[in-house]
Amino acid sequence: MKKLSKLFPTLLISLMASSLFAANWKVKVPANAKRFPLIQIVSTENGGKNDFATVPVTRHVSEAKMSWGDMSDKDTPGPWYEKCTISLNDEFLGDAEVKARGNWTTTYPKKSLRIKFAKKQNIAGLHSGEQYKNWVLLAAYKDPSLLRDAVGFKMYSKMFPGYVSDCQLVELEINGVYFGVYLLAELQEAKRLGLTNAKKDSADTNIGYLIEFDSYSNTEADNEKFWINYLGDVKDYNGKRVEELQGGYTIKSEIKDKAQHDFIADYMNKLWKICYSAVYNKKYYRFDSNYQLQSYTPEGSNDDEKCRNCISQVINIESLADTYIFNEIVCDPDLYLTSFFMNVDFGEGKDHLLYFNAPWDFDSSMGNKDFCAAKSSSGNITGKNDMFAGSCQTDVNCQHPRIHANPWMVIFIREAWFLNLVKERWAGIPAQQILSELQAYIDENSSKDYQPVFNANLKVWGVSTKHPGVEKELCSASKAAAAKSQAASAEYFKGWLTNRFTAVDNIIKNLK
């Protein structure tokens, strides 16, 4: 994905982005159309220009492009905060700062935005009305249905007990200019997960840590990133060695002192050693009261039982099994790279276990790219009925062999106790009921009544699959549907999801 700019003329991208947006000032939604809630952003500086929402490209992305000879964003500024006011359906919410957000997606004309209120505020009743300063508007430019992020969030919330962002489809207007359909969602923050906050000017390490498995971690400040040494070969469900394991992690929660960074970096490396040693060496470790490793013999009549009991001392294994099931369904090609979250809390009264939850970023997933969209396995492409999360995959654009996997998804994938746990968790999910509810959500939010709104979005931004960057990424079925309408894209999406639920049911039932 990071090398897409080698594949198409960058000048064409720039011209397309500017020409698409230049026409959007005259887009109007018909008066009789059914509408989503309208977020209204008004700049209070710089003459009310919209540049902050249309121009920036994240700096490390433009620098990466320049490193392979693409100079199109050489002088493009990185995202900056613009002082604004925010309203919802003409009701003033508060003063805020707004900027473009994202990594590679900032190279697209329609950019996601981050809202940072001056004072805590709720928008549209999300998260049971809780008030926070930070919210996001997801552009979903790459998703012709504009529904995959919302469906991903809602699917997880219906299936599993862990935290996931609440969300609401909205329309956006900036300085009186119509920007189309976005998804209002929460920012991934420790406070939303109820994690223990670090106190001001405190080096106390007994706090909560929100961590992202993140290939972009190298762009973060030193005190916000760390690496895990995976110690040796890791194999997928089929026994294939994972050749390239992404090792960068970003600390997403706020830390106040280097001691906190060093503690969690050391802790996570030791926790991985506990996992790796139990699986591959049948040697067992646990943390002592000072978080140093000590060898021991867990309870159990065999290594399988011992492994489960050992790992249960450091990981909430139910959350890990849930995350595996979820990723087996959504087939997100970024799984081996980024946007994969976990958290651990050492605060008073907390259990000190590592949890996996807070899933994020589904615009490439669920049949939008070639992964699990083809009729059968072919070359690098995972077939629509094949295992995804537990097996090696090609890169995000299907240009290289199947050598990638997420280490947390495959470390236990050959362990009987984990496979049995996955089966137990899946058996407890009313999958068909949830599928029906998701199908109904897709139908409701792509109905004939909403098509004028989606058509207005299309007039603002054009068909996303005609953008060279997107066109190279998406599967033929998604591109064909996008050429017709948002409704056709939603129908394709719904059909893919229905098939995938059946496929995952078969995959999990046959795990052995």
Amide H partners (placed H, <5 Å) of ARG101, local residues excluded: SER112, LEU113, ARG114
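So, with +1 on the Cβ of K and R and -1 on the Cβ of D and E, and no other charges, what is the size of the charge dipole of the chain about its Cα centre, to the nearest 20 debye?
Values: 61 positive and 62 negative charges, 222 e Å.
With Lys and Arg at +1 and Asp and Glu at -1, about 1060 debye.
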Greater than 28 Å apart at Cα, pairs in LYS235/LYS472; LYS99/LYS256; LYS283/LYS423; LYS282/LYS384: LYS235/LYS472; LYS282/LYS384
Karplus 3J(HN,Hα) series, Hz, for the stretch 173-190 with 6.51 cos²θ - 1.76 cosθ + 1.60 (x for Gly, Pro): 10, 10, 6, x, 9, 6, 10, x, 9, 10, 10, 6, 8, 8, 7, 5, 10, 4
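Which links in LYS119/LYS258; LYS142/LYS448; LYS34/LYS120 stretch past 24 Å when you go from one Cα to the other?
Details: LYS119/LYS258 28 Å; LYS142/LYS448 22 Å; LYS34/LYS120 30 Å.
Pairs exceeding the cut-off: LYS119/LYS258; LYS34/LYS120.
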Taking the stretch 196-427 and dividing mean pair separation by its residue count, relative contact order in percent (alpha carbons under 8 Å, at least six apart): 23
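So what's the convex hull volume per residue for the Cα atoms of the stretch 305-422, in Å³?
Considering the Cα atoms of the stretch 305-422, their hull volume per residue is 101 Å³.
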Dipole axis of the chain (+1 Lys, Arg; -1 Asp, Glu on Cβ), positive-most option in PHE287, ALA124, VAL181: VAL181
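Please identify the trypsin sites (Lys or Arg not before Pro) of the stretch 401-455 that satisfy two criteria: DSSP loop assignment and at most 13 other Cβ atoms within 10 Å. Which are they? Kindly include the intermediate steps, with their values, before the conclusion.
Numbers: sites: ARG402, ARG414, LYS423, ARG425, LYS448; in loops: ARG402, ARG414.
Counting only loop positions with at most 13 other Cβ atoms within 10 Å, none of the trypsin sites (Lys or Arg not before Pro) in the stretch 401-455 qualifies.
Give, in nm to one decimal, the length gained when the segment between ASN510 and ARG241 is fully stretched (0.36 nm per residue of separation minus the Cα-Cα distance).
On the way: separation 269, 0.36 × 269 = 96.84 nm, distance 2.17 nm.
Additional length available on full extension: 94.7 nm.
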In Hz, Karplus ³J(HN,Hα) per residue of the stretch 431-438 (6.51, -1.76, 1.60; θ = phi - 60°; x = Gly, Pro): 4, 5, 5, 5, 4, 4, 5, 5
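Evaluate the stretch 62-120: find the radius of gyration of its Cα atoms, find its Kirkwood radius, and give the ratio Rg to Rh. Could the numbers behind the result be given before it?
Numbers: Rg = 15.1 Å, Rh = 13.4 Å.
Computed over Cα atoms, the ratio is 1.13.
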Ratio Rg/Rh, restricted to the stretch 196-427 and using Cα atoms, in which Rh is the Kirkwood radius: 0.97
Förster radius 30 Å - calculated FRET efficiency between ASN223 and ARG414, Cβ distance, rounded to 0.05: 0.25
3J(HN,Hα) from dihedral phi, the stretch 135-141, Karplus parametrisation 6.51/-1.76/1.60, rounded to Hz, x for glycine, proline: 9, 10, 10, 8, 7, 6, 4
Cysteines not pairable in the chain (beta carbon separation under 4.7 Å absent): CYS84, CYS167, CYS275, CYS307, CYS310, CYS392, CYS398, CYS475
Modelled FRET efficiency - R0 56 Å, ALA33 with SER202, Cβ distances, 0.05 increments: 0.60
Cβ-defined net charge surrounding CYS167, 11 Å radius [Lys, Arg +1; Asp, Glu -1]: -2
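Can you give the helix-only mean residue ellipticity at 222 nm for the chain, where every DSSP H stretch with n ≥ 4 adds -39500 (n - 2.57) and the sum goes over all residues, rounded to the nearest 500 deg cm²/dmol?
Helix-only estimate at 222 nm: -9500 deg cm²/dmol.
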Relative contact order for the chain, counting Cα pairs under 8 Å that sit 6 or more residues apart, in percent: 16
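So for the chain, what percent of the C-alpha to C-alpha distances run longer than 41 Å? Write out the running numbers ahead of the final one.
On the way: 24591 of 130816 pairs.
Result for the distance tail: 19 percent.
Once the other residues with Cβ under 9 Å from the Cβ of ALA185 are scored (Lys, Arg +1; Asp, Glu -1), what is the net sum?
On the way: positive: none; negative: ASP149, ASP166, GLU186.
Result for the neighbourhood of ALA185: -3.
Give me the net charge of ALA53's neighbourhood, meaning all other residues with Cβ under 9 Å from the Cβ of ALA53; Lys, Arg count +1, Asp, Glu -1.
Details: positive: LYS99, LYS111; negative: ASP51, GLU82.
So the surrounding residues net to 0.
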Distance violations [Cα-Cα > 22 Å] among LYS306/LYS350; LYS74/LYS466; LYS369/LYS466; LYS26/LYS65; LYS252/LYS350: LYS306/LYS350; LYS74/LYS466; LYS26/LYS65
Amide hydrogen neighbours beyond the local backbone of ILE315, cut-off 5 Å, H modeled: LEU354
SER339 long-range amide H proximity, modeled H, under 5 Å: SER215
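Can you sort ARG59, ARG500 so the residue with the fewest Cβ neighbours within 10 Å comes first?
Details: ARG59 15, ARG500 23.
Sorted ascending by nearby Cβ count, the order is ARG59, ARG500.
Where a number appears in this text, it was derived from the coordinates with a stated rule and is not lab data. If you're wondering where the values come from, they're calculated on a predicted model, not measured in any experiment. Using ideal geometry, Cβ is built from the backbone for each residue, glycine included, and neighbour counts are taken over all protein chains shown.
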